[in-house]
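One structure is given below, encoded as structure tokens.
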Amino acid sequence: MILIGRNVSPFVRRVAALMRLLEIDFEQRFLATADSIDDIAKFNPLGRVPSLVLDDDEILIDSSAIIDYLLETKDQDGKFLSKTGLARRLVLRSVAIAHGVMEKAVASGYEKTRRSPEKVSEEWLNYLQRQIIWGLEELERKAEQSNEWLHGDTLTLADITTICAFDYINIRHKGLFDPNIFPALKGISDRGNELSAFSDTKPSP
Ligand SMILES: N[C@@H](CCC(=O)N[C@@H](CS)C(=O)NCC(=O)O)C(=O)O
């Protein structure tokens, strides 16, 4: 399989981390949307990452659809996401919040880097940043109530997505907040980054 995109994208990194945790052999093409849009568009007509090229050349796009495939085919016991029931719904709720935090953080990055300075809306940026903080506050409450990981003592897709969102903001949006104001999330990120699935995919500052 070939994963398209760089791990600086939190969406790409959550796929890369899950593939490592599932012990899947894969190649990664580190293409950046900023300078390789034509190459990226060969895999996704919208010119977005991640895409995953399967061994029979089928191409999957969007991290959620890729993860759905990986879990269906390689996580039959539901280790990272229960197959049914309340446990599944609760993990998916945390995943949706962490994925939303990623979307808002990426959007705020684009507002600052892809628009001419006089068109940047401080009001819109503040709104996006408030949404990021609301999402992290909710995940922090969840982490405080739980044991080692967000949903008990085993790492799930909720932790994978949260670690990638939290690290992305700390690396690419330094100064948005002091990570120590989210001690429980920082603990989960630190614990996750002791695993090679996260340390090997962590983008450099
Ligand atoms: N919903 C998508 C979001 C992917 C996404 O926004 N990727 C960014 C990179 S971090 C991208 O490709 N941006 C280029 C664009 O949207 O034009 C997913 O979960 O995979």
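The values are calculated or read from the model by the stated rules, or taken from the named source; none is laboratory data. Just so it is clear, the structure is predicted and the values come from calculations on it, not from any experiment. Cβ atoms come from the backbone with ideal geometry, glycine included; neighbour counts cover every protein chain shown. For accessibility, only protein heavy atoms count, side chains too; no ligands or nucleic acids. Shrake-Rupley method; radii C 1.70, N 1.55, O 1.52, S 1.80 Å.
So the values come out like this:
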quantity: Three principal axis lengths of the range 2-74 [C-alpha, angstrom, descending]; calculated: 32, 24, 19
quantity: Lys, Arg +1 and Asp, Glu -1 on Cβ, resulting dipole of the range 48-139 about Cα centre, debye, nearest 20; calculated: 400
quantity: Note, ³J(HN,Hα) from phi for the range 57-74, Karplus 6.51, -1.76, 1.60, rounded to Hz, x at Gly and Pro; calculated: 6, 4, 10, 9, 10, 6, 4, 5, 5, 5, 5, 4, 5, 4, 5, 4, 9, 10
quantity: Simple Cβ-charge dipole of the chain, Lys/Arg +1 and Asp/Glu -1, about Cα centre, in debye nearest 20; calculated: 560
quantity: Centre separation in Å (Cα based) which lies between the range 143-205 and the range 39-60; calculated: 27
quantity: Segments 169-175, 82-88 sorted - mean Cβ within 10 Å per residue, highest first; calculated: 169-175, 82-88
quantity: CD proxy at 222 nm, helix term only [per DSSP H run n ≥ 4: -39500 (n - 2.57); per residue of the chain; nearest 500]; calculated: -17500 deg cm²/dmol
quantity: Under-5 Å amide H pairs with SER51, H placed in peptide plane, nonlocal only; calculated: ILE4
quantity: Estimated inter-spin distance, SER64 and GLU123, nm [label 7 Å along Cα→Cβ]; calculated: 2.9
quantity: Backbone HN-Hα couplings from phi across the range 124-138 [Karplus 6.51/-1.76/1.60, Hz, Gly and Pro as x]; calculated: 5, 4, 4, 5, 4, 5, 5, 4, 4, 5, 4, x, 5, 4, 5
quantity: Under Karplus coefficients 6.51, -1.76 and 1.60, residue-wise ³J(HN,Hα) of the range 197-204 in Hz, glycine/proline x; calculated: 4, 9, 5, 6, 10, 6, x, 7
quantity: The range 85-195, dipole about Cα centre (Lys/Arg Cβ +1, Asp/Glu Cβ -1), debye to the nearest 20; calculated: 380
quantity: Debye-sum result for the chain in log10 I(q)/I(0), which assumes one identical scatterer on each alpha carbon, at q = 0.11, 0.12, 0.16 Å⁻¹; calculated: -0.51, -0.60, -1.08
quantity: Value of D in µm² per second that Stokes-Einstein yields for the range 85-195, Kirkwood Rh from Cα pairs, at 20 °C (1.002 mPa s); calculated: 149
quantity: Rounded accessible area per residue of the range 1-132, 1.4 Å, Å²; calculated: 55
quantity: Of all DSSP beta bridges in the range 2-74, antiparallel share, percent nearest 5; calculated: 65
quantity: Protein accessible area in the chain, 1.4 Å probe - carbon and sulfur %; calculated: 48
quantity: Full-stretch length increase - THR33, LYS174 - with 0.36 nm per residue and alpha-carbon distance subtracted; calculated: 48.6 nm
quantity: Projected label distance in nm at ALA107 and THR84, using a 7 Å step from Cα toward the beta-carbon; calculated: 3.6
